[in-house]
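One structure is given below, encoded as structure tokens.
The values are calculated or read from the model by the stated rules, or taken from the named source; none is laboratory data. Just so it is clear, the structure is predicted and the values come from calculations on it, not from any experiment. Cβ placement follows ideal geometry from the backbone for every residue including glycine, while neighbour counts extend to all protein chains displayed.
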Amino acid sequence: MWSRFEIKARAKGALRGTYWKAFLVSLLITVIGGGSGSSSGFRFGQNYLSQEYISVIIIPALFIGAIACAFRWLIGYPLEVGCRKYFILASQGEANHGYLGYIFQRNRYLNVVLIMFYRGLLLFLWTLLFIIPGIVKSYAYSMVPYILADNPRIGYKRAIELSNQMTMGHKFDMFILDLSFIGWYLLGALAFGVGVFFVRPYEDTTNAELYLVLRKNAIARGVCAYNELFPDQESY
């Protein structure tokens with residue numbers, strides 16, 4: 001079993017001497033992950049929108065949205081997994097930015113993109129069943145990027161299944177762990193919102209520490225074999 005105090009203490013220790021490296025990686029995650037976008041609604045009177053208005057406003061907006069989605073899927077997802085790889089290794093004493101782009105290889109890239117897209121689609125479908133199931137499944141699938149960071153060639157069904165198994169019985173504790181950062185984010189928001197960026201390395205490192213614990217437990221319980229996560233290594 002793990003406690004949030006122990007996990008966060010490990011994260012603080014891992015950040016000593018490497019905070020600014022972690023800050024850059026967290027900033028990259030924030031940029032490629034996108035923020036909470038705002039959508040403006042249109043009020044219709046008795047007249048319909050003119051064809052010219054649709055051509056000038058709606059079509060370019062859809063085009064820009066399609067480009068943003070394509071960037072997220074084709075560039076953002078691989079970079080996110082690379083960033084998670086950085087935090088996993090940094091928590092083990094190897095803070096190396098060279099891993100950020102290691103997914104962009106022929107035998108890794110396509111599989112990672114497809115699995116991350118599949119994960120996003122599942123989360124979207126669960127969210128359609130009301131917010132609560134979507135939140136629960138977001139925790140259930142939260143380890144997928146870390147699993148891909150360890151083994152980019154794992155199967156899509158197995159990645160989802162393994163994340164489910166790793167987080168089983170831990171979702172509420174993970175929720176409380178997330179809540180424990182609210183105070184930090186509120187404090188960061190007081191500095192014109194800029195301070196929240198300085199909290200992200202702490203949270204990202206904490207999540208990596210959590211994954212290390214869940215991964216160790218999964219291997220110890222026989223949920224997965226060591227070589228399933230580390231196919232190129234022989235011992236734990």
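In the range 141-155, the residues that are without any contact (Cβ under 8 Å) to a residue 40 or more places away in the chain and part of a helix (DSSP H, G or I) reach residues that are of a type in the set (D, E, K, R) and surrounded by fewer than 23 Cβ atoms within 10 Å (Cβ to Cβ) with C-beta atoms within less than 6 angstrom, at least six apart or across chains, in these pairs: 144/119.
Going through (1) of a type outside the set (S, T, N, Q); (2) modelled with pLDDT of 95 or more; (3) assigned to a helix (DSSP H, G or I); (4) within 25 Å of residue 104 (Cβ to Cβ) one by one, residue 228 falls short only on (2). Of the residues making up the range 163-183, those that are part of a helix (DSSP H, G or I), over 16 Å from the mean Cα position of the chain (by Cα) and touching a residue at least 60 places away in the same chain (Cβ under 8 Å) number 2. The conditions of being in a helix (DSSP H, G or I) and in contact with an Asp or Glu (Cβ under 8 Å, 6 or more places away or on another chain) are not met by residue 207.
There is no residue in the range 178-196 that is crowded, with 20+ Cβ neighbours inside 10 Å and either hydrophobic (A, V, I, L, M, F, W, C) or at pLDDT below 95 (or both).
Residue 105 meets all of the listed conditions (1) part of a loop (DSSP other than H, G, I, E, B); (2) within 22 Å of residue 167 (Cβ to Cβ) but one, namely (2).
Of the residues in the range 177-236, how many are of a type in the set (D, E, K, R) and more than 22 Å from residue 7 (Cα to Cα)? Of the residues in the range 177-236, 3 are of a type in the set (D, E, K, R) and more than 22 Å from residue 7 (Cα to Cα). Note on the range 102-142: residues that are surrounded by 13 or more Cβ atoms within 10 Å (Cβ to Cβ) and either farther than 14 Å from residue 154 by Cα or among the charged types (D, E, K, R) (or both) total 20.
Note on the range 72-92: among residues that are at pLDDT 90 or above and over 12 Å from the mean Cα position of the chain (by Cα), the one that is nearest to residue 119 (Cα to Cα) is 74.
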